[in-house]
Amino acid sequence: MLDVDPYGSPWPTIRAWFESDRPRAETLHVVVNDGFRQKLKINGGWDSEETQRFVTEYGNHGVYDSYLEICQRMIADLSGQVGYEVRDWWGKYCGHSLGMTHYWAVLENRN
């Protein structure tokens with residue numbers, strides 16, 4: 001299990017974990033308490049390395065509206081680079097003004 005609960009963006013931690021050289025479990029659960037959506041609410045998607053590519057596709061405010069979908073895509077991209085595929089996904093917006101995002105991915109190793 002990878003449990004990520006940063007103050008703000010979880011993406012540097014998630015990226016570092018998948019980019020590191022380590023043994024890979026057959027099934028991996030990734031559970032995230034993500035506070036990055038608060039920054040997206042003030043149209044901060046364009047100045048973040050993690051979400052810049054999505055601003056062109058969704059628009060600056062659209063990144064905020066579609067953040068759960070974007071999270072799922074980012075987890076699939078990062079984990080796919082080391083042989084995982086997303087088997088199950090669950091997520092929701094919560095907290096004050098729905099500024100927090102909670103999600104859980106179940107990944108299966110294809111290798």
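The values are calculated or read from the model by the stated rules, or taken from the named source; none is laboratory data. None of the values given here were measured: they were computed from a predicted structure. Cβ sites come from the backbone with ideal geometry, for glycine too, and all protein chains shown count toward neighbours. When the accessible area is computed, the model is the full protein with side chains, heavy atoms only, and any ligands, DNA or RNA have been set aside. Shrake-Rupley method; radii C 1.70, N 1.55, O 1.52, S 1.80 Å.
Applying the condition of being in contact (Cβ under 8 Å) with a residue 40 or more places away in the chain and open to solvent by 60 Å² or more (accessible area, probe 1.4 Å) to region 30-64 and asking which residue is nearest to the chain's Cα centre (by Cα) yields GLN38.
Restricted to region 6-29, and to residues there that are among the charged types (D, E, K, R) and closer than 20 Å to ASP88 by Cα, the residue that is surrounded by the fewest Cβ atoms within 10 Å (Cβ to Cβ) is GLU26.
Entry remark, region 85-111: residues being assigned to a loop (DSSP other than H, G, I, E, B) and surrounded by 15 or more Cβ atoms within 10 Å (Cβ to Cβ) number 1 in total.
In region 25-53, what residues are farther than 16 Å from TYR103 by Cβ and not polar (S, T, N, Q)? Correct list: ALA25, GLU26, LYS39, LYS41, ILE42, GLY44, GLY45, TRP46, ASP47, GLU49, ARG53.
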